[in-house]
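One structure below.
The values are calculated or read from the model by the stated rules, or taken from the named source; none is laboratory data. Remember, predicted model here, so these are calculated numbers, not experimental data. Positions of Cβ are backbone-derived with ideal geometry, glycine not excepted, and every protein chain shown enters the neighbour counts. To get the accessible areas, we keep the full protein, side chains included, count just its heavy atoms, and leave off ligands, DNA and RNA. Shrake-Rupley method; radii C 1.70, N 1.55, O 1.52, S 1.80 Å.
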Amino acid sequence: MIHGVTTSSLTEAVIQRSKRMILDTLGVGLIGTTTEVFQKALQYSKIYSSDISSTVWGQPDLRLPPLYASFVNGVAVHSMDFDDTWHPATHPSGPILPSLIALTETLPAPTKRSGLDFLLAFNVGIEVQGRLMYCSNEAKNIPKRFHPPTVVGTMGSAAATSKFLGLDQSQCREALAIAASYAGAPMANAATQTKPLHIGNAGRHGLEAACFAYLGLEGNKQILDLESGFGAFYHDYNPQPLPSLQAYDWLLEKQAVAVKRFPAHLGMHWAADAACAVRKHIAGDNKLLPVNNIHKITLKIPDAEYINRPFPSSEHEARHSFQFNACTALLDGAVSVQSFSDHSICRPELKELLGKIEVVHPSDNKPNFEKLYCEVSVTMTNGATYTERCNTFYGHWRNPLSNEDLVKKFKSNASTVLSMDGVEGIVEMVNKLEDVSDCSVLCSLLRLRNQTTDKQEMALSNKS
């Protein structure tokens, strides 16, 4: 499939959905360059040097070897858990887009790739992730053992970069075999500063696997068919044949991705929407929430241990806490980028609300992004109870963000780092990406820095 599929296979729906994913991922990656964990990854990667270099997003005076540009940009994409999510559960764009962008600047002039070539490689990487996950029922639920982007994301990056580099069929097979030996990271590091490294490493390792395959390194040619191969990651892995290439049936054609409105684990968006709806009963649109008049808050959520965090103490734990996001939405009427600052996390009134929560795991509430729901009930001291349930939040693939809201999110994120010329230029270029003759020009826009952020990033760098 990787070698044989062509641009003619791309449908209009796939092109449009993938362009939305690309724009959103660029935005969350750009705002992610402002984080402490990105600065740490950047400092680590600076120890490497090379004659061949690629752009670090939002850093006009700094370039890194392609592998490490892919790594730090991938870390930026997931540094705030703001990137897209698919079903079965994974973050599909983050492991792929930084690697492809890093490659666009490294190819010699005669072999420059078009925007349509770029879109094809991107969609090959998305497709490989989806196809592998659909071979397992375990993969369809919120993960318990491995973080999915480190498994299927690594394979997707290898597939995408192999396609972009023009590897032959045998080399593509070897790239996947090599990538499988880079794959996997335990869920125990969720809600820590290490989790963003999962995305950075997935992209970098997939690119490295493609480079090794190009140089002739060999792996097990049956890696995708063996229980001891890719089957090692999923107990019920059952490989399935691919559809015909003659009229390829893309998974992205059938189901779009979820685009997040605020930077937190996807499950938090159900909790936030349900809590915002309850708040309107109690405080209306503009009034302060009467915290002292609240007796009890009941959350009906799926049983998923790593996102059940009653009293988070860091931004990364808060991004993975049903309790925190429900209480923040109750208190403020929304969850935003600013909700995860140290000041917001430590508010006495928020801690008071957290202390009033009771969690219930109904048997019908499955830890599955296609099936889960969140119900929030607030009981007042006078005995009144207000309940709202969210089955599908705004931004889910069943209720996708409008193009207007997606572009608004991108501009809000990207403008924290880039000049308005860069922000507007990226929107325009991604919108017409299928018509661009040389996709490497995107990198020049990613270097148009907003100078007002320099002092903020210097402070972060000094802190880390």
Quick one: pull the percent of accessible area on segment 68-221 belonging to carbon and sulfur, 1.4 Å probe, ligands and nucleic acids left out.
-> 53 percent
Non-local residues with an amide H under 5 Å from the amide H of residue 359, with H modelled 1.01 Å from N and Pro and chain starts lacking one, are 299
Tensor-based shape of segment 327-464 (alpha-carbon gyration tensor, a/c under 1.5 rounded, otherwise prolate or oblate) | oblate
Taking the dipole about the Cα centre of the chain, with the C-beta of Lys and Arg at +1 and of Asp and Glu at -1, give me whichever of 346, 412, 33 is farthest to the positive side.
-> 346
Return the sequence-ordered ³J(HN,Hα) values of segment 72-79 in whole Hz as given by the Karplus equation 6.51 cos²θ - 1.76 cosθ + 1.60 applied to θ = phi - 60°, using x for Gly and Pro.
-> 5, 5, x, 4, 4, 4, 9, 5
Amide H of residue 226: which non-local residues (sequence gap of 5 or more, or other chain) have their own amide H closer than 5 Å, using H built in the peptide plane?
-> 231
Relative to the first principal axis of the alpha-carbon coordinates of the chain, what is the inclination of helix 154-165, with its axis defined by its Cα atoms, in degrees from 0 to 90 and to the nearest 10?
-> 40 degrees
Collect residues whose amide H, placed 1.01 Å from N in the peptide plane, falls under 5 Å from the amide H of residue 295; neighbours closer than 5 in sequence don't count.
-> 379, 380, 381
With everything on Cα atoms, drop me the angle between helix 115-133 and the longest principal axis of the chain, reported from 0 to 90° to the nearest 10.
-> 60 degrees
When the chain is fully extended, how far beyond the present Cα-Cα distance does residue 236 get from residue 249, taking 0.36 nm per residue of separation?
-> 2.3 nm
Once both labels are modelled 7 Å past Cα along the beta-carbon direction, what's the residue 303-residue 352 spacing in nm?
-> 3.4 nm
Shape category assigned to segment 109-259 from the gyration tensor of Cα positions, a/c cut at 1.5 = rounded
Furthest towards positive pole of dipole, 23, 8, 288, structure part the chain, Cβ charges = 288
Here the alpha-carbon Rg of segment 386-433 over 2.2 N^0.38 Å rounds to 1.55
Roughly what angle does helix 195-214 make with the longest principal axis of the chain, taking Cα atoms, 0 to 90 degrees, to the nearest 10?
-> 10 degrees
On average, how much area does the Cα convex hull of segment 212-257 cover when viewed from any direction, in nm²?
-> 5.5 nm²
Residues of segment 106-187: accessible area per residue with a 1.4 Å probe, Å² | 30 Å²
A 1.4 Å probe over the protein heavy atoms gives segment 1-41 a carbon and sulfur accessible-area percentage of 50 percent
With +1 on the Cβ of every Lys and Arg and -1 on the Cβ of every Asp and Glu, the dipole magnitude of the chain about its Cα centre, in debye rounded to the nearest 20, is 720 debye
So what are the ³J(HN,Hα) numbers for segment 85-94, from phi and the Karplus equation (6.51, -1.76, 1.60; θ = phi - 60°), rounded to whole Hz, Gly and Pro as x?
-> 9, 10, 10, x, 5, 6, 9, x, 7, x
Based on Cβ point charges of +1 for Lys and Arg and -1 for Asp and Glu, what charge dipole magnitude is obtained for segment 91-212 about its Cα centre, in debye rounded to the nearest 20?
-> 300 debye
A correct Kirkwood calculation over the Cα atoms of the chain returns a hydrodynamic radius in Å of 22.5 Å
Take every Cα pair under 8 Å in the chain that's 6+ residues apart, average their separations, divide by the length, and report that relative contact order as a whole percent.
-> 21 percent
Karplus-derived 3J(HN,Hα) from phi for segment 369-375 (6.51 cos²θ - 1.76 cosθ + 1.60, θ = phi - 60°), whole Hz, x at Gly and Pro, runs 5, 8, 10, 5, 9, 9, 10
